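Written out below as structure tokens is the structure these notes cover.
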Amino acid sequence: MVRVLTHFVHGERSPGRSTTFGDVFDPNTGKVQARVPLADRAETESVIADAVAAQVEWGSWNPQRRARVLLRFLQLVESERDGLARLLSAEHGKTVPDAHGDLQRGLEVVEFAAGIPHLIKGEFSDDAGTGIDVHSLRQPLGVVAGITPFNFPAMIPLWQAAPSLACGNAFILKPSERDPSVPLRLAELFAEAGLPPGVLNVVNGGKETVDTLLTDPRVAAVGFVGSTPIAEYVYSTATAHGKRAQCFGGAKNHMVVMPDADLDQAVDALIGAGYGSAGERCMAVSVAVPVGEETADALVSRLKERIADLRVGPSHDPRADFGPLVSADARDRVIGYVDLGVEEGAELVVDGRGHTVPGFEDGYFVGATLFDRVTPDMRIHREEIFGPVLSVVRAADYEEALALVNGHEYGNGVAIFTRDGDTARDFSHRVDTGMVGVNVPIPVPVAYHTFGGWKRSAFGDLNQHGPDSIRFHTRTKTVTSRWPSGIREGASFTIPVMR
Ligand code: NAD
């Protein structure tokens with residue numbers, strides 16, 4: 001039975017009016033498991049109108065009362081964590097433990113946003129001039145829209161929605177049409193937690209839906225996470241229509257391995273960060289940069305051994321290290337890049353093409369793939385592959401490794417593995433990348449710090465979660481006030497005379 005999904009509008013599931021649907025596949029089997037309605041312009045406009053109306057009251061609630069809704073939401077999610085993780089895994093293809101992590105990282109931002117009474121406090125300057133005080137307020141923007149990618153269907157919607165709602169905005173989520181079931185269920189749980197109808201709407205759709213959100217004057221701000229070409233398009237369209245926008249794009253994350261690194265630790269890190277979630281993470285390590293031939297030879301031979309033990313299987317298999325890619329297109333694109341790497345002259349050490357999983361022959365599986373002797377100018381180094389493909393680019397020395405990272409058009413995450421504090425410190429200072437790991441392969445910052453890349457990995461100036469998210473979702477008003485001096489004496493019963 002193919003499930004028919006809905007939107008979530010005004011506090012309830014809504015079938016929508018559109019006759020256009022997208023297919024949601026089971027990546028383990030290649031079969032369609034659900035159909036998702038894709039909203040047209042008129043439908044999206046009515047979702048915006050609903051959010052505009054709902055925001056007025058929500059924005060007037062005191063922050064502590066809004067925080068209580070987030071706290072109740074956290075409790076409700078707790079009681080169905082495993083079900084959500086399984087639903088997520090079944091549409092995305094990541095393993096169930098990894099799906100738990102996706103949810104957990106999102107919930108941590110809800111916990112952060114529940115501190116809104118403290119986070120939204122303004123500033124006060126007493127006696128800025130004689131008898132003059134200045135104070136600032138942070139007020140909601142109104143309606144904020146979020147457009148999210150397939151690869152973290154719980155985490156990224158929660159990263160966007162929680163701070164936005166906590167700040168008093170109404171939020172319209174346009175999740176990825178490839179795995180929309182978890183975002184829909186999360187919206188339902190927010191409603192059960194006491195969020196008034198219309199304050200969080202989920203509208204499913206494609207380009208027409210997104211374009212409506214980007215151009216409608218009633219939407220004040222847009223958050224986007226996805227591939228770089230679309231991030232750039234969303235940023236330029238939203239800002240041209242007078243909106244605030246933060247748009248996060250693609251990545252090519254390097255991990256520099258210095259000769260003094262703990263090699264066991266570095267190999268573990270590369271296996272997990274390169275192949276976990278089939279490489280479909282914007283913080284996946286896709287390029288290893290060993291420094292020196294000796295380090296490179298040792299690293300490649302150990303990686304090869306470890307890859308032989310990796311288990312690729314259906315996402316619900318508790319023994320699987322990673323599952324299938326999200327779609328047939330994604331699988332074909334990744335295989336196309338492996339073909340390209342061979343044509344470009346890279347050394348294919350482990351070939352994951354043609355990997356089949358018994359009983360799941362039509363699933364979108366690609367085995368772990370390792371290239372050695374990749375050069376900086378090859379397309380497999382310059383472009384994001386977004387699959388279980390790790391490239392080794394050998395660097396002669398530290399400066400060459402640093403220049404390689406800094407010369408790349410993306411700047412999302414990077415890591416260095418070394419035992420030397422001075423090298424690590426120099427690297428952290430000089431690298432042109434937004435998030436840096438020192439002996440940590442996937443340096444996704446915790447909820448109370450901020451997440452964001454540099455260069456063509458992000459468009460806009462404020463990061464996700466942490467203090468930046470409160471700034472992004474509010475506007476500042478500054479009040480300068482002076483009061484008549486002197487203590488009033490109250491009513492006077494004598495006739496007023498001029499003094
Ligand atoms: P995508 O760009 O294809 O889609 C993202 C969103 O944009 C989806 O909701 C989709 O419906 C919408 N969209 C797609 N085409 C559009 C168009 N032409 N016009 C308007 N909207 C459109 O990305 P994806 O494949 O879902 O996700 C993978 C990408 O996201 C990778 O590039 C990955 O690096 C990136 N990503 C980045 C971060 C980050 O924080 N920088 C985090 C996660 C994923």
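The values are calculated or read from the model by the stated rules, or taken from the named source; none is laboratory data. These figures come from a predicted structure and were not determined experimentally. Methodologically, a virtual Cβ is constructed for each residue, glycine included, from the backbone with ideal geometry; neighbour enumeration extends over all protein chains shown.
Taken over region 357-379, the residue count meeting the criterion of being among the charged types (D, E, K, R) and in contact with a helix residue (DSSP H, G or I) (Cβ under 8 Å, 6 or more places away or on another chain) is 2. Which residues, counting only those in region 441-468, are out of contact with any helix residue (DSSP H, G or I) (no Cβ under 8 Å at 6 or more places or on another chain) and in a loop (DSSP other than H, G, I, E, B)? P443, G453, D461, listed by residue number.
For F493, the test of being of a type in the set (A, V, I, L, M, F, W, C) and within 16 Å of the ligand (Cβ to nearest atom) is failed. All of A278, A261, A298 fail the test of being away from the ligand (no atom under 14 Å from the Cβ) and in a helix (DSSP H, G or I), apart from A298.
Count of region 187-214 residues, restricted to those that are over 15 Å from L173 (Cβ atoms), more than 10 Å from the ligand (Cβ to nearest atom) and among the charged types (D, E, K, R), is 1. For region 405-419, state whether one or more residues are assigned by TED's automatic domain parsing to the domain that holds P290, in contact (Cβ under 8 Å) with a residue 40 or more places away in the chain, out of contact with any Gly (no Cβ under 8 Å at 6 or more places or on another chain) and within 14 Å of the ligand (Cβ to nearest atom). Checked against the condition, which is being assigned by TED's automatic domain parsing to the domain that holds P290, in contact (Cβ under 8 Å) with a residue 40 or more places away in the chain, out of contact with any Gly (no Cβ under 8 Å at 6 or more places or on another chain) and within 14 Å of the ligand (Cβ to nearest atom), region 405-419 yields at least one hit.
Among the residues of region 392-403, is any out of contact with any Lys or Arg (no Cβ under 6 Å at 6 or more places or on another chain) and within 16 Å of the ligand (Cβ to nearest atom)? No, region 392-403 contains no residue that is out of contact with any Lys or Arg (no Cβ under 6 Å at 6 or more places or on another chain) and within 16 Å of the ligand (Cβ to nearest atom). Within region 236-258, restricting attention to residues that are farther than 15 Å from G452 by Cα and surrounded by 21 or more Cβ atoms within 10 Å (Cβ to Cβ), the residue that is farthest from the ligand (Cβ to nearest atom) is M258. Figure legend. Inter-residue proximity from region 377-388: first residues within 14 Å of the ligand (Cβ to nearest atom), second residues in a loop (DSSP other than H, G, I, E, B), beta-carbon distance below 6 Å, spacing 6+ or different chains. Indicated pairs: E384/G250; E384/K252; F386/E280; G387/V366. Looking across region 215-229, the residues that are within 12 Å of the ligand (Cβ to nearest atom) and touching a residue at least 60 places away in the same chain (Cβ under 8 Å) come down to V222, G223, F224, V225, G226, S227, T228. Checking each residue in region 1-47 for being touching a strand residue (DSSP E or B) at 6+ places or on another chain (Cβ under 6 Å) and either without any contact (Cβ under 8 Å) to a residue 24 or more places away in the chain or outside any strand (DSSP E or B) (or both) picks out V2, L5, T6, S14, G16, S18, F21, D23, L38, V47. A145 falls short on exactly one of the conditions (1) within 22 Å of N169 (Cβ to Cβ); (2) in a helix (DSSP H, G or I), and that condition is (2). Among the candidates D102, D82, D98, D126, the residue that is out of contact with any His (no Cβ under 7 Å at 6 or more places or on another chain), under 14 Å from V182 (Cβ atoms), outside the structural domain of P324 (by TED's automatic domain parsing) and without any contact (Cβ under 8 Å) to a residue 40 or more places away in the chain is uniquely D82. Among the residues of this structure, G292 counts as one that is closer than 23 Å to T418 by Cα, away from the ligand (no atom under 16 Å from the Cβ) and either of a type outside the set (A, V, I, L, M, F, W, C) or under 29 Å from the mean Cα position of the chain (by Cα) (or both).
Of everything listed in (1) closer than 23 Å to T476 by Cα; (2) in contact with an Asp or Glu (Cβ under 9 Å, 6 or more places away or on another chain); (3) of a type outside the set (G, A, S), the single unmet condition for P180 is (1). Within the bounds of region 172-186, is there any residue that is in contact with a strand residue (DSSP E or B) (Cβ under 7 Å, 6 or more places away or on another chain), within 14 Å of the ligand (Cβ to nearest atom), part of a strand (DSSP E or B) and among the charged types (D, E, K, R)? Yes, region 172-186 has at least one match. For region 315-327, a residue qualifies if it is exposed (fewer than 15 other Cβ atoms within 10 Å of the Cβ) and either within 23 Å of the chain's Cα centre (by Cα) or of a type in the set (S, T, Y) (or both), but none of them does.
I'd like the full set of residues that are outside any strand (DSSP E or B), within 19 Å of the chain's Cα centre (by Cα) and among the basic types (K, R), limited to region 237-258. K252 - this is the single residue of region 237-258 that is outside any strand (DSSP E or B), within 19 Å of the chain's Cα centre (by Cα) and among the basic types (K, R).
Here S136 passes the criteria (1) surrounded by 19 or more Cβ atoms within 10 Å (Cβ to Cβ); (2) away from the ligand (no atom under 14 Å from the Cβ); (3) not in a helix (DSSP H, G or I) except the one numbered (1). Quick check on my filter: what residues within region 444-490 are within 16 Å of the ligand (Cβ to nearest atom) and at pLDDT below 95? Matches in region 444-490: D461 only.
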